[in-house]
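Engineer: The structure's right below; bear with me while I get my questions together.
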Amino acid sequence: MANEFGLDYEQIEQKAKEIRKKIIMMNSRAGQGHTGADLSETDILSSLFFRILNTNKQHLSDPDRDRFILSKGHGVGGFYCMLAEAGYIDESDLETYLQFDSKLPGHPVRQKTPGVELNTGALGHGLPVGVGLALSAKMSGRKFRVFVLTGDGELQEGSVWEAAMCAAHFKLDNLIIIVDRNTLQLADRTEKIMALEPLTDKWKAFGCDVHETDGNDAAKFVETVEGLNLQNGKPHVVIAKTIKGKGVSFIEDQPAWHHKIPVGDEIALAIEELE
Amino acid sequence: MNTQEKIDLRDTMVQTLIEAVDQQINVAVAVSDSTSTAKIAPFQKKFPERLVNVGIAEQNLVGVATGLALGGYVVVTTNAAPFLVGRANEQVKNDVCYSQTNVKLVGLNAGVCYGPLASTHHAIDDLSIMRGFGNIQIFAPSDAVETREIFRYALRYNGPVYIRMDSAKFPTFHEEDYRFEPGKVDVLREGNAVTIIAVGSVVHEAMAAAQELAAQSFSAEVLNISSIRPLQPQRIIESLQKTKRVITVEEHSLHGGLGSIVSEIIADNGLQAISVRLGITEGQFSKAGPRDKIRAYYKIDKQGIVETARKMMGN
């Protein structure tokens, strides 16, 4: 099983652009959403689903599929738009985002949306579950890999570090932790609210194989992930440096855009920037 | 079995887990340090590759258990109930219940098993907390046969289960051919003067009280609620319509446990019955000390139940 798209860097970036436009339109239509987080993670999701993961919509229950967990569940808008772009859900489903009992609630629900592996939204849950999944692969001799995308503010949750300790202890080199390092959390900058740095050193101290890369550059991100040594006996951490709100100048790097949505003229302006 | 020989319910649990693996059920057991609390050694010895110890980290325990379940295992977590339910509460809610993963949460030493170790170690809220979550089935065995049957069922059911376990040794009053049916009220004794409804190991106190009452010419009906969710209320309704008096007995807070369930059944069905709920006083932490003294204080022992019943009947 391989990735059915297998796109090159340029094509991944083109997909990311389409996803970003969908995010703007979907959030504006819904009247709610985490626009900053959605745009921050787009290049990471695009790289994973259009190149790296061996999954596709035909293999959603294949026990050997790579697993992806969106631990930063509030970034679900970007995830849904990627799922639509990749054909897991219909384009028209995006119109139901946040509506009563819809297929696309405000945080991921596995019973409702194909491609969702775990119901997240409360932070600090994805990594322990990812550790269990990676461990299950080791215990049962399966070859799949587990990718967990966390926010950076999320790393303030203690459960993340319980799981980090555990992943290293069990030598889970089939686990890839991607940190969407946009340096912003809901209230303000991470370093102002509760400092995370030196973040690389922290992960290393827990026994992980740590890499820093540009999370808004498909080529650099893919090269980093594809370059990981998955037989080194260590869980991998990719600190993907991103810009929250990436792609739209007036949304970029603004704490206020954590859960703001474009309104009025902002919508056309944002789309124009993304063309 | 129906024997006075006392059996530790955890031994039965572990034997049933071993039996399940032997029967090709893909069981994995996840613990947080406390292998001795679970008495899991025989399982660990036979299937070391199926036991995961994550250390003292309950949140991670439940998350890892969820991941193992998503990876195809039937996962059993065995951990002291106060920490499993309390420390890992949000993981229980979201990863297990909300995500509907195939995890069997076993809350060991529930109630006031840890008597003198005091309220950090007491779990008198686990039933009310679990009842607050969707998607999860909730059971509490009272003896070895029932423990075996509940585990046999739970390991074959695909979805979240909470099993409230006691750590002490108990005689067995279920026959060897007893088969657990989720939802079914377990009638241990028929009578018409008063209905005593109990859950978990205090069922033994209820049965002893019923025997004492019989010696005093009062016939008590004893219902064992080992299946808290699902629960078919019909047999409880019939009993209350007959006796018009009910005593609920639980080693749990009066908030949200068995007494609450029976009160809800009375209210929902417009039953005319006098009820007394015996349990830990609502809004308080449980007293600490030897377990028998705690039980006596809250009248959830044989003597307390007998006194309560006699008072209800005007004696």
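Engineer: So, in region A:233-260, how many residues would count as being under 26 Å from residue A:155 (Cα atoms) and out of contact with any Lys or Arg (no Cβ under 9 Å at 6 or more places or on another chain)?
Structural biologist: Total satisfying the criteria: 8.
Engineer: Residue check, residue A:196 against (1) away from every other protein chain (no Cβ under 13 Å); (2) in contact with a Lys or Arg (Cβ under 6 Å, 6 or more places away or on another chain), all met but one. Which one?
Structural biologist: (2)
Engineer: For region B:67-81, enumerate the residues that are at the interface with chain A (Cβ under 8 Å from one of its Cβ atoms) and out of contact with any strand residue (DSSP E or B) (no Cβ under 6 Å at 6 or more places or on another chain).
Structural biologist: Once the filter is applied, which keeps residues that are at the interface with chain A (Cβ under 8 Å from one of its Cβ atoms) and out of contact with any strand residue (DSSP E or B) (no Cβ under 6 Å at 6 or more places or on another chain), region B:67-81 yields B:67, B:70, B:71, B:72.
Engineer: Which pairs have Cβ atoms under 6 Å, sit 6 or more apart or on different chains, and link a residue in region B:101-113 that is closer than 15 Å to residue A:132 by Cα to one that is open to solvent by 10 Å² or more (accessible area, probe 1.4 Å) and assigned to a loop (DSSP other than H, G, I, E, B)?
Structural biologist: Note: pairs meeting the criteria are B:102/B:158.
Engineer: Between residues in region A:131-147 that are within 9 Å of another protein chain (Cβ to nearest Cβ) and without any contact (Cβ under 8 Å) to a residue 24 or more places away in the chain and residues that are among the polar types (S, T, N, Q) and crowded, with 18+ Cβ neighbours inside 10 Å, which pairs lie under 7 Å by C-beta distance while being six or more apart or on different chains?
Structural biologist: From residues that are within 9 Å of another protein chain (Cβ to nearest Cβ) and without any contact (Cβ under 8 Å) to a residue 24 or more places away in the chain, the pairs are A:132/B:66.
Engineer: Please enumerate the residues belonging to region A:109-125 that are basic (Lys, Arg) and within 7 Å of chain B (Cβ to nearest Cβ).
Structural biologist: Listed by number, the list holds a single entry, A:110.
Engineer: To continue, here is another question. Scan region A:173-187 and tell me whether some residue there is part of a helix (DSSP H, G or I) and open to solvent by 10 Å² or more (accessible area, probe 1.4 Å).
Structural biologist: no
Engineer: Okay, moving on. Tell me which of these residue A:270 doesn't satisfy, since it passes every other one: (1) in a helix (DSSP H, G or I); (2) farther than 29 Å from residue A:158 by Cβ; (3) open to solvent by 20 Å² or more (accessible area, probe 1.4 Å).
Structural biologist: (3)
Engineer: Sticking with this one: Which is modelled with pLDDT of 95 or more, more than 28 Å from residue A:165 (Cβ to Cβ) and either under 21 Å from the mean Cα position of the chain (by Cα) or open to solvent by less than 10 Å² (accessible area, probe 1.4 Å) (or both), of B:65, B:20?
Structural biologist: Of B:65, B:20, the one residue that is modelled with pLDDT of 95 or more, more than 28 Å from residue A:165 (Cβ to Cβ) and either under 21 Å from the mean Cα position of the chain (by Cα) or open to solvent by less than 10 Å² (accessible area, probe 1.4 Å) (or both) is B:20.
Engineer: May I pose another question? How about region B:87-106: which of its residues are under 19 Å from residue B:151 (Cβ atoms) and within 9 Å of chain A (Cβ to nearest Cβ)?
Structural biologist: The answer is B:101, and nothing else.
Engineer: Does region B:29-53 hold any residues that are at the interface with another protein chain (Cβ under 7 Å from one of its Cβ atoms) and either open to solvent by less than 20 Å² (accessible area, probe 1.4 Å) or modelled with pLDDT under 95 (or both), and which are they?
Structural biologist: Passing the criteria: only B:52.
Engineer: Moving to a separate point now. Please tell me if residue B:84 is without any contact (Cβ under 8 Å) to a residue 60 or more places away in the chain, within 8 Å of chain A (Cβ to nearest Cβ) and at negative phi.
Structural biologist: no
The values are calculated or read from the model by the stated rules, or taken from the named source; none is laboratory data. All of these numbers come straight from a predicted model, not from anything done at the bench. A quick note on method: Cβ atoms are made from the backbone with ideal geometry, for glycine too, and the neighbour counts reach across all protein chains shown. Just so you know, the surface numbers come from the protein's heavy atoms only, side chains and all, with ligands and any DNA or RNA stripped out. Shrake-Rupley method; radii C 1.70, N 1.55, O 1.52, S 1.80 Å.
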